[in-house]
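Below: one structure, written as structure tokens.
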């Protein structure tokens with residue numbers, strides 16, 4: 001970390017845990033949070049007594065169907081009788097949770113933080129998609145009967161037009177990520193598929209087909225973050241948080257250039273500046289860009305400045321982003337392969353960097369030596385970018 | 001009548017909206033499943049954490065470990081109570097309903113439930129009355145009410 005920001009202490013990730021990601025879990029949100037939190041503590045060799053503060057993240061309460069969902073699952077997340085906050089920036093929450101945990105520690109307020117994200121998408125019937133109806137403007141947009149996929153279809157079409165990308169170029173992301181997920185023990189949608197499978201899956205909202213989209217999932221993920229002094233006591237291989245960034249773009253998503261994610265670029269610049277990174281396309285060894293849809297990974301790779309605008313589809317085709325490539329992206333399998341319990345999916349991405357940077361990712365370990373990784377998520381009204389840079 | 005009980009929507013300029021999630025389906029969870037089975041058998045469970053039993057049997061003990069499920073036998077006592085005179089939709093109840101926090105002597109915590117008694121007071125000893133076995137569904141409604149012991 002460059003001394004361009006004053007912190008009381010450097011911050012490290014020292015433990016991570018993850019539940020299975022599945023379409024419908026028996027466990028309550030509280031039980032899922034407990035499972036992930038316990039695993040994260042155990043992996044750091046700590047117990048809850050060693051934790052000063054707790055940060056919880058979940059996306060809209062309406063998915064779990066419990067208002068004040070953060071408070072509801074606080075005892076599972078270990079948040080009772082200690083300083084606890086819940087943070088929320090929609091889909092960006094997953095990466096915002098470790099960012100919030102970072103400032104808890106960097107400020108000197110807490111020495112150790114348990115950061116837990118949970119999402120249970122299965123309670124809402126007939127489909128959790130119904131929850132998204134309330135993000136639309138009730139006067140101008142809702143009378144058209146929109147759903148969330150409309151946004152992605154419009155954005156994907158714009159990206160294809162601007163960059164000259166074809167459906168089959170974009171489908172490669174789904175092929176890569178679902179195959180990467182075959183090595184992930186928590187994965188819900190791991191598969192060996194072909195570009196033809198994606199193109200032949202049913203068209204939902206053109207140009208989006210079923211296999212372009214991540215699944216609906218239940219799950220939880222957790223991290224333990226600690227100050228430098230604590231981290232060096234806890235482990236020989238702490239993974240340092242080198243930079244964090246977050247940005248909110250304008251609320252009217254269709255009033256901006258949809259072909260390029262400005263919200264990611266601004267957040268990434270903030271994080272890179274803090275990490276002292278000037279040429280991210282060279283200095284980042286492994287990336288976990290947010291991939292709820294396959295084109296979104298390409299979009300976000302460009303926003304993270306890991307490729308020039310419109311260059312990502314070409315590099316993808318050349319194998320640049322494969323697990324054995326020059327800059328592996330979503331080696332975990334991403335949301336497309338592992339699953340998408342919204343907030344937990346973002347923490348899963350940060351956990352993957354943690355394992356990659358400790359060379360603990362097993363079958364998923366990328367081929368090249370790794371020193372630095374970046375994870376990113378995106379949310380709110382298609383406007384929030386959250387970015388974290390980790391290094392070993 | 002209060003303003004919200006009238007049909008204001010027909011008189012004001014408005015945009016109609018509809019809840020698209022029609023219902024929620026909550027899974028019971030690991031401990032919740034056991035509790036549901038016990039209610040069907042006419043038992044109330046608690047979670048044993050060390051020497052203390054907690055009711056209801058939420059998954060976690062204060063030390064962040066799952067507790068051991070055990071039956072709570074009572075006797076139960078009224079901790080506090082209220083009397084419902086009017087419902088949400090403004091209907092006066094002919095027979096006011098008593099809602100109480102009841103706590104078993106052998107456990108911490110307690111339940112909120114109906115109490116049917118001519119007279120209620122704090123500290124009153126009560127016991128659960130279950131539905132007939134064939135009608136039980138494994139929900140908290142399997143307990144009809146608590147009655148004086």
Next item on the list: Go through (1) surrounded by 22 or more Cβ atoms within 10 Å (Cβ to Cβ); (2) within 14 Å of another protein chain (Cβ to nearest Cβ) one by one and return the number of the condition residue A:173 breaks.
Entry: (2)
Next item on the list: Look through region A:48-67, keep the residues that are closer than 21 Å to residue B:31 by Cβ and surrounded by fewer than 24 Cβ atoms within 10 Å (Cβ to Cβ), and return whichever of them is farthest from the other protein chains (Cβ to nearest Cβ).
Entry: A:66
Notebook entry, point to check: Looking at this structure, is residue A:74 on the phi < 0 side of the Ramachandran plot and under 19 Å from the mean Cα position of the chain (by Cα)?
Noted result: no
Next item on the list: Identify the residue in region A:237-251 that is more than 17 Å from the chain's Cα centre (by Cα) and closer than 16 Å to residue A:378 by Cβ and, among all such residues, is modelled with the highest pLDDT.
Entry: A:249
Margin query: For region B:33-63, give me each residue that is within 14 Å of another protein chain (Cβ to nearest Cβ) and either surrounded by fewer than 21 Cβ atoms within 10 Å (Cβ to Cβ) or more than 22 Å from residue A:38 (Cβ to Cβ) (or both).
Written below: B:33, B:34, B:36, B:37, B:49, B:54, B:56, B:61, B:62, B:63
Check: (1) under 30 Å from residue A:204 (Cα atoms); (2) surrounded by fewer than 24 Cβ atoms within 10 Å (Cβ to Cβ); (3) in contact with a strand residue (DSSP E or B) (Cβ under 9 Å, 6 or more places away or on another chain): which one isn't true of residue A:233, the others all being true?
Finding: (1)
Next item on the list: Considering only region A:279-362, give the helices (runs of 4 or more DSSP H) lying wholly within it that have at least 3 residues that are under 18 Å from the mean Cα position of the chain (by Cα).
Entry: A:294-303, A:334-337, A:342-357
Item checked: Residue in region A:1-26 that is surrounded by the most Cβ atoms within 10 Å (Cβ to Cβ), counting only those that are in a loop (DSSP other than H, G, I, E, B) and in contact with a helix residue (DSSP H, G or I) (Cβ under 6 Å, 6 or more places away or on another chain) -> A:19
Check: Only one residue in A:76, A:94 is in contact with a helix residue (DSSP H, G or I) (Cβ under 8 Å, 6 or more places away or on another chain) and either in a strand (DSSP E or B) or within 14 Å of chain B (Cβ to nearest Cβ) (or both). Which one?
Finding: A:76
Checklist line | Count - residues of region B:90-149 that are on the phi > 0 side of the Ramachandran plot, surrounded by 11 or more Cβ atoms within 10 Å (Cβ to Cβ) and touching a residue at least 60 places away in the same chain (Cβ under 8 Å) | finding: 2
Check: touching a residue at least 40 places away in the same chain (Cβ under 8 Å), assigned to a loop (DSSP other than H, G, I, E, B), within 30 Å of residue A:22 (Cβ to Cβ) and touching a strand residue (DSSP E or B) at 6+ places or on another chain (Cβ under 9 Å) - does that describe any residue in region A:148-160?
Finding: no
Checklist line | Those residues of region A:37-47 which are surrounded by fewer than 19 Cβ atoms within 10 Å (Cβ to Cβ) and in a loop (DSSP other than H, G, I, E, B), in sequence order | finding: A:45, A:47
Check: When you scan region A:1-43, how many residues do you find that are in contact (Cβ under 8 Å) with a residue 24 or more places away in the chain and more than 14 Å from chain B (Cβ to nearest Cβ)?
Finding: 17
Note to self: Criterion first (part of a loop (DSSP other than H, G, I, E, B), over 30 Å from residue A:79 (Cβ atoms) and within 9 Å of chain B (Cβ to nearest Cβ)) does residue A:143 satisfy it?
What the structure shows: no
Next item on the list: Looking only at region B:68-87, decide whether some residue is surrounded by 10 or more Cβ atoms within 10 Å (Cβ to Cβ), in contact with a helix residue (DSSP H, G or I) (Cβ under 8 Å, 6 or more places away or on another chain) and either assigned to a strand (DSSP E or B) or on the phi < 0 side of the Ramachandran plot (or both).
Entry: yes
Checklist line | Matching residues in region A:181-207 - criterion: being assigned to a helix (DSSP H, G or I), in contact with a helix residue (DSSP H, G or I) (Cβ under 8 Å, 6 or more places away or on another chain) and either surrounded by 21 or more Cβ atoms within 10 Å (Cβ to Cβ) or free of Cβ contacts under 8 Å to residues at least 60 places away in the same chain (or both) | finding: A:181, A:195, A:197, A:198, A:199
Next item on the list: Determine whether region A:350-372 contains at least one residue that is modelled with pLDDT of 95 or more and within 19 Å of residue A:163 (Cβ to Cβ).
Entry: no
Note to self: Just to be sure before I move on: is residue B:74 away from chain A (no Cβ under 12 Å) and modelled with pLDDT of 90 or more in the structure I sent?
What the structure shows: no
Next item on the list: All but one of (1) over 17 Å from residue A:30 (Cα atoms); (2) touching a strand residue (DSSP E or B) at 6+ places or on another chain (Cβ under 9 Å) hold for residue A:75, so report the exception by its number.
Entry: (1)
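The values are calculated or read from the model by the stated rules, or taken from the named source; none is laboratory data. Note that the structure is predicted; figures quoted are calculated from it, not measured. Cβ coordinates were reconstructed from backbone atoms using ideal geometry, including for glycine residues, and neighbour counts include every protein chain displayed.
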